[in-house]
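Take a look at the structure below.
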Amino acid sequence: TPQPVLDAVNQYYLEYRANIHRGAHFLTKRASEEYELVYDKLAKLYNAQASEFSHAKNASEAINLVALGLKWRKNASVVATNIEHHSNLLPWVRLEKLGLIKLKIVEASKEGLFDLSDFEKAIDSSTQLVAFTAASNVLGNKSPVAQIAKIARDNGALSLIDAAQSAGHMKMDFKKINADFIAFSGHKMLGPTGTGVLYKKTGVELDSAIVGGGTISDASLHDYKLLSNREALEAGTPNIGGVIGLGAAIDYLSKIGLDNVFEHDRKLVKKIMDGFTQVAGVEFYGPSKIEDKTSVVSFNVNGSDAHQTALLCDSLGKICVR
């Protein structure tokens, strides 16, 4: 965690710890301003509008907010892939078990790469949402996100991208990608834990899956009216200090440049793969070409249990693997 991120979080808790959008005193005014400023930073980093972002605990919660907030049509289907993180698979499996949707799966190649024609075959008039990862957390492959989002759009379907593995590791232009929803986690882009983000394209409708304080414009004992802006998606007191810390992480990454981060990641990946080719019995998973990879390298040491390999890496070299 970069020192400026820690400094920003500490400054909030030590100097102006107050709730946001509640009260008129100077502490809540400053807290609200610092919190709102993070939306502007997100918008600048990803070429979007500040009003299109809302905060959640993590990418998992952001994806679940979409699953629970969409109005599902009768006989609707969701198209996902076989390389999704559980966070972008289990919400759709649950909806299928509840009888609300039918789940269709697009299969990736052994290297985790996609043939776009498979999406064209799977997406039809019943498809309400296409949910897919921008980069696999296991195989390290990159998905053609803009092309898949376009196939969904051309068929009248919405698109959701799990960008947890890519949002802080490579440049992303949300307007060019043109997806309806994009979810990612702040802790994977140098921010504090508990700071997720949901991007919702202007004009896309999404009900509030969680209601409570801060989400309503009016309420009575038997009725309520939700706010029309993003605050309707942020029930209760958020992780204010964490979000402000995420803003500092965005400043830090912006100063370095995401293109430079990506190139640095790529150099590390090449160094790892070049080194492993000199070791007998190491098998790689995922894309074989460096240009198809992100910053994840999956491998196996033949004849050694994966857990044992991990323990050896830790005890012999202080190397942390999963």
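Odds and ends about this structure:
- Against the numbered list (1) touching a residue at least 12 places away in the same chain (Cβ under 8 Å); (2) out of contact with any helix residue (DSSP H, G or I) (no Cβ under 9 Å at 6 or more places or on another chain); (3) under 29 Å from residue 142 (Cβ atoms), residue 231 comes up short only at (3).
- Unmet criterion (only one of (1) without any contact (Cβ under 8 Å) to a residue 24 or more places away in the chain; (2) open to solvent by less than 20 Å² (accessible area, probe 1.4 Å)) for residue 222: (2)
- Pairs, first under 12 Å from residue 291 (Cα atoms) in the range 248-272, second assigned to a helix (DSSP H, G or I) and modelled with pLDDT under 95, C-beta under 6 Å, six or more apart: 270/290
- Counting only strands (runs of 3 or more DSSP E) that fall entirely inside the range 47-147 and contain at least 3 residues that are surrounded by fewer than 22 Cβ atoms within 10 Å (Cβ to Cβ), the qualifying elements are 102-106.
- Of all the numbered requirements in (1) in contact with a helix residue (DSSP H, G or I) (Cβ under 6 Å, 6 or more places away or on another chain); (2) modelled with pLDDT of 90 or more, residue 266 misses one, and that requirement is (1).
- For first residues located in the range 201-215 and of a type in the set (D, E, K, R), partners that are open to solvent by less than 30 Å² (accessible area, probe 1.4 Å) and assigned to a loop (DSSP other than H, G, I, E, B) and lie 6+ apart or on another chain with Cβ distances below 6 Å form the pairs 201/180.
- Any chance residue 283 is closer than 24 Å to residue 168 by Cβ and open to solvent by 50 Å² or more (accessible area, probe 1.4 Å): no
- 2 or more residues under 30 Å from residue 69 (Cβ atoms): qualifying helices (runs of 4 or more DSSP H) within the range 211-322: 240-256
The values are calculated or read from the model by the stated rules, or taken from the named source; none is laboratory data. A quick note: this is a predicted structure, and the numbers were derived from the prediction, not measured. Virtual Cβ from ideal backbone geometry, glycine too; neighbours counted across all protein chains shown. Just so you know, the surface numbers come from the protein's heavy atoms only, side chains and all, with ligands and any DNA or RNA stripped out. Shrake-Rupley method; radii C 1.70, N 1.55, O 1.52, S 1.80 Å.
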